[in-house]
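Only the coordinates and a few stated rules stand behind these numbers; no lab work does. As the structure is a computational prediction, the values presented were derived from the model and not from experiment. Here the Cβ positions follow ideal geometry from the backbone for every residue, glycine too, while neighbour counts run over all protein chains shown.
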Amino acid sequence: EAWSHGEESTQRYPELVDRHIVLNCPHGRVFKTFLENSWTQLRRSWFIFLFQMPRLPEALISLQDYQFLEQLFTSHTSTYSQL
């Protein structure tokens, strides 16, 4: 089961891919296991589920003159709880 488009391409066309390196997230199976077994990780990953919904993320992000994005890129914390 492919977790990302890159991983899917790697699995589907292995003869075209020498290396597939993902730097910004854990492997899909590892992350899935964490989500299934850790309420803490599930709570911290709320944004993943948010961005699966059509139009809702865009509407929320645009509130208050895009304050969410400013907070996201200037905050020193890894979570944003004011949505």
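3J(HN,Hα) along segment 58-65: 4, 5, 5, 5, 7, 4, 6, 6 Hz, from the Karplus curve 6.51 cos²θ - 1.76 cosθ + 1.60 with θ = phi - 60°, whole Hz, x for Gly and Pro.
Gain on full extension, evaluated as 0.36 nm per residue between residue 23 and residue 55 minus their Cα-Cα distance, stands at 8.7 nm.
Over segment 1-71, what is the relative contact order in whole percent, taking alpha-carbon pairs under 8 Å and six or more residues apart? Please report the intermediate quantities before stating the final value.
Working: 25 pairs, mean separation 11.1, N = 71.
Once normalised by length, the contact order is 16 percent.
Cβ-Cβ distance of residue 48 and residue 9, R₀ of 25 Å, FRET efficiency by 1/(1 + (r/R0)^6): the value works out to about 0.75.
Length gained on full extension, residue 75 to residue 41, computed as 0.36 nm times the residue gap minus the Cα-Cα distance: 10.2 nm.
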